[in-house]
1. Taking Glu473 and the conditions (1) under 34 Å from the mean Cα position of the chain (by Cα); (2) at pLDDT 90 or above, which numbered condition does it fall short on, given that it satisfies the others?
2. Looking at the structure I just gave you, is Glu506 in a helix (DSSP H, G or I), acidic (Asp, Glu), free of Cβ contacts under 8 Å to residues at least 60 places away in the same chain and over 22 Å from Glu395 (Cβ atoms)?
3. Under 6 Å between Cβ atoms, at least 6 apart or on separate chains: pull out the pairs that start in segment 231-253 with a residue that is in a loop (DSSP other than H, G, I, E, B) and end on any residue that is at pLDDT 85 or above.
4. Taking into account only those residues within segment 55-74 that are surrounded by 12 or more Cβ atoms within 10 Å (Cβ to Cβ) and free of Cβ contacts under 8 Å to residues at least 24 places away in the same chain, which is farthest from the chain's Cα centre (by Cα)?
5. For residues that are in a helix (DSSP H, G or I) and free of Cβ contacts under 8 Å to residues at least 24 places away in the same chain, scanning just segment 23-49, find the one that is farthest from Leu100 (Cα to Cα).
6. Any residue that is more than 19 Å from Ile526 (Cβ to Cβ), without any contact (Cβ under 8 Å) to a residue 40 or more places away in the chain and hydrophobic (A, V, I, L, M, F, W, C) - is there at least one of those in segment 404-423?
7. What is the one condition in (1) in a loop (DSSP other than H, G, I, E, B); (2) crowded, with 18+ Cβ neighbours inside 10 Å that Ala438 does not satisfy?
8. Answer yes if at least one residue in segment 489-499 is assigned by TED's automatic domain parsing to the domain that holds Val400, without any contact (Cβ under 8 Å) to a residue 60 or more places away in the chain, assigned to a loop (DSSP other than H, G, I, E, B) and of a type in the set (A, V, I, L, M, F, W, C), and no otherwise.
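The values are calculated or read from the model by the stated rules, or taken from the named source; none is laboratory data. What you see is a predicted model, and the numbers here were worked out from it, not measured in a lab. Don't worry about glycine lacking a Cβ; one is built from the backbone with ideal geometry, like all the others, and counts go over all protein chains shown.
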Amino acid sequence: MLASSSSSVLTELLYRQSKEFFGIYDPALGWFTQVNPAGVRLLDYPSEDVFLADPDHSLRTPPWTGLQWQALCDQAQREGRHTVEANLRRHTGDAFRAHLELTYYLDGPKPYFLIHITELSRLQQAERELAHSVRRFEAVVTNATIGIIVCDRAGDIVSANQLAERQFAYAPGQLLGQRIEVLVPNAAGRHHQQLRESFNAHPQVRGMGHNRVLRGQRQDGTDFPVEVSLSYFHLDKELYVVAYVLDVTAKHDAELELVAQQQRVARLNTELEQKVADRTHALMNTLEQLEQRGRELTQALAAEQELGEMKSRFVSMASHEFRTPLTGVLTSAELIADYALGPQRDKQLKHVDRIRSSVKQLNDILEEFLSVGRIEEGRVAATPAPLDMAGLLVETVADVQALLKKGQRIEHEATCTGLIRLDASLLRKILVNLLSNAIKYSAEHTVVQVRATCQAGQLTLTVQDQGVGISPEDQEHLFERFFRARNVSTVPGTGLGLYIIAKYLELMGGTVALRSALNVGTTVTIAIPYENDSAN
C-alpha cells in the first residue's frame, strides 16, 4: 500500500515519462481522476479530457461486471496490490491482451487505486501460453496413475514419469537413455528390433502382447505382469513412441484365484451331486415318516381343540354355577350385618366387610373369565348407539369411587359436545377396567387423571396414573392372556384386563397405546373412530 499522497516527482515519472498506462482510480467516483499521456495513447483516446469524461466509465467492454470489478478492487485493498491478465478494448474498438495491476493507497483519509496497464505482445502471450501448456503437461504426466514412458525412433527412453520409475524400481532420472527392451526383455519373443521397425514404418495406437501376459522386469531382476498400450506423436518431424504401462499384478492374481476357485467349484459340484443323490433317497424316507407324523398331529390337534372347547364350556359353566353360592354367601353376610348385636358388633361387621370384598373379587374374576369366553366364542359384538361421552365419563368415575384408597382422587375432563355413536356398554367396561388398574397399582394420596376428547370423528381417551409403572420388557406382553408384570405379582389379579380391553377395541375398530416408566406411572391412550349422531 502507498503510504502518502502523490508527490510532484511521482507525478512527473508516472504521467509524463512512462511509456505504459498509469492512472489514478477513485472508487467513490467509479472512474479515473488522472491518466498519463501514454495511457491516453494506449487506449486511443483523443485526449486525457475525453478519457476522463467518458460517459460509460468503462475500459471499453472489459471482461468484468460491476460486481466483479468491485471484487478486484476489494482484493487489491486487502493485499495492497493485485495483478490480473485480461482482454481490453481501445476507444476505437480494437481488442488487445493486457496485464493489469491495481495498487491501493490513501491520500489523507481518502482511498485511491494506482492502475498500471501493460500491453502484452504476441510473443509474450505465446511464451505465457507455452509455459502454461508445459506446466499442464508436466502436471498431467507427473500425477498420472499409470506409468508413462516416451522413446525415440531408436527405442531409447527420453522421458519417464515418477510412477513408471517406481514400477520398475529405478531412481529418478535413471531410466533416461536406457533401451526400452530392459523393461520388457521377453516381449514378443525378443524380436524387438523387427517390431520397432514395423511400428516406426506404420505407427498406430494399439496394445502390446496380443492376448498373452507381458512380464515387466524391475532393476533388481524381479518381474511382474503388465499391460502396455502404445501411442505416438511427431515433434520437429521426429517420431516418438509413448508407452502406457499398467501394473496388473492384482488383476493377474485375481484371475489365477478365479481359475482356482472355478476348479474348486467344479469339484464341489461333483461332490454335491453325489450328496444330493444320497440325500434325496434319505429325504424320501423322511417325507414318508413326516406324512405319517402329520396325520398323527392332525388327530392330536383335533383332540386338543376339542379339549379346549371343553375347558371353555367348563369355565363358563363353573362361572355361572359359582355365582349362585356366592350370592348366597353375600346374602348371608348381609343378614349377619343386620342382626349383629352386642359388644362384638364391630368385629362382626369388620368380618362381614371382608366377606363382601372377597365375594366382589370372586365375582370380578368370574366376570373376566366369562367375558373371555364370550369373546373367544364370538358372542360379543359392538352395537353403536347415541352416546353422551361427557355423561358416561361422569357416571363411570362415580361408579369406581368405592375403589379409591386413602387420599386418592380422580380428575376427569371431557371436551366432547353433542352425541356420538358408539357402544356404551363396551366403552364403559373399557373405562372401568382402566380406572380400576390405575387405582389398584397406585399408592395412597395419588391422582388419577382421565381425559376424553372428540375430534375429527375420533374419540381419544387417556388414563394417567402415578403408580408403580411397568418395565419395558413386560410392556411387550401386557395384552396377552393371563400375563402379569413381575413388579405386581403380589397384587391380586388375573392378567385378563388389558387382554379384554384389546379385544373390545378390536371389535370397535379402535387402538390402544401404552407409555410407562417404573416408579413414575403409566399412561394408557385409546383411540376409537365414531360417527356423529345424525338425529342430533
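1. Condition (2) is where Glu473 drops out.
2. Working: in a helix (DSSP H, G or I): yes; acidic (Asp, Glu): yes; free of Cβ contacts under 8 Å to residues at least 60 places away in the same chain: yes; over 22 Å from Glu395 (Cβ atoms): yes.
The answer is yes for Glu506.
3. Val248/Pro225; Val248/Glu227
4. Ser58
5. Filtering segment 23-49 for residues that are in a helix (DSSP H, G or I) and free of Cβ contacts under 8 Å to residues at least 24 places away in the same chain, the one farthest from Leu100 (Cα to Cα) comes out as Asp49.
6. yes
7. Tallying (1) in a loop (DSSP other than H, G, I, E, B); (2) crowded, with 18+ Cβ neighbours inside 10 Å, Ala438 fails exactly one: (1).
8. Yes, segment 489-499 contains at least one residue that is assigned by TED's automatic domain parsing to the domain that holds Val400, without any contact (Cβ under 8 Å) to a residue 60 or more places away in the chain, assigned to a loop (DSSP other than H, G, I, E, B) and of a type in the set (A, V, I, L, M, F, W, C).
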